[in-house]
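Accompanying notes for the structure given below.
The numbers here are math on the coordinates, done by the rules we state, and not lab data. Since the structure is predicted, the reported quantities are computational estimates derived from the model, not experimental observations. Cβ placement follows ideal geometry from the backbone for every residue including glycine, while neighbour counts extend to all protein chains displayed.
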Amino acid sequence: MQNEFTIDSKEEALEFINKHGFVTLFPIKGKNFPNLYQATKGDREEKFSTAWEWADELSVNQRQIYYGKLIHGQVTLISMEMLPYFYKLYKKFKFTGAAEKILDFIKQNGATSTEDLRKELGLTGKDKKNEFVKALDTLQMAFAIAVVSKGKPPRHTHTWNLIENWVPKELIRKAESLSEEVAKTKIVTKMLENYVISKPQEAEAFLKLIL
């Protein structure tokens, strides 16, 4: 799978993601799933920093892949070819609590940083951190928001916007033209090609984890 070759450049990282269709940034414990970290050349520290750098560059800066929390709650890198199928299958529109507040704020005010969202919505402080992070994860897994910029080290502050303002319009139109069954079949087929599963029936349990 990811050990077929050792990635040594951003271009090879893009090739790896496009070949597999969707990969996680880091390994999923107990799961045989392609991830950029293990496929990247170097020692642990080098692999960690390089994989992050390539993921940010290819998604936030170049928009050649989609980057967001999805599979098993992990950062997932999705090729533009596969993005409409995930969008169709996992897109949700209704939310409650902090997730609803965050989405409404972004709709009204446009792209907003993590720091400003917490401040404006009264979700600052350690006691509110988990609630805020969970809400962001919920919105990412529902393809409601996307990271549109990332600050420089050491803070790495994310800026968020509606995913429809980040994804190319033609991909949104393609997603809307698909049926859920077609989207699911496409994703399952990719899982079989990537040897994540050995038969289609095994996809049900895996897909339920990310629905």
Summed residue charge, Cβ within 10 Å of Gln62's Cβ, Lys/Arg positive, Asp/Glu negative: 0
Listed candidates (i) 1.28; (ii) 1.18; (iii) 1.01 - label of the one calculated as Cα Rg over 2.2 N^0.38 Å: (iii)
Directionally averaged projected area (convex hull, Cα atoms, the stretch 70-186), nm²: 7.9
Estimated dipole of the chain in Debye, rounded to 20 [Cβ of Lys and Arg +1, of Asp and Glu -1, Cα centre]: 600
Residue pairs, from the table Lys19/Lys190; Lys88/Lys186; Lys92/Lys129; Lys29/Lys91; Lys31/Lys190, whose Cα atoms sit over 19 Å apart: Lys92/Lys129; Lys29/Lys91
Residue order, fewest to most beta carbons within 10 Å, for Asp104, Asp137: Asp104, Asp137
Inter-label distance, nm, simple model (7 Å from Cα along the C-beta direction), Val182/Gln108: 3.8
Alpha carbon centroid spacing (whole Å) that separates the stretch 73-118 from the stretch 15-69: 20
Footprinting exposure proxy for Met191, Met141, Met80 (fewest neighbouring C-beta atoms within 10 Å first): Met80, Met141, Met191
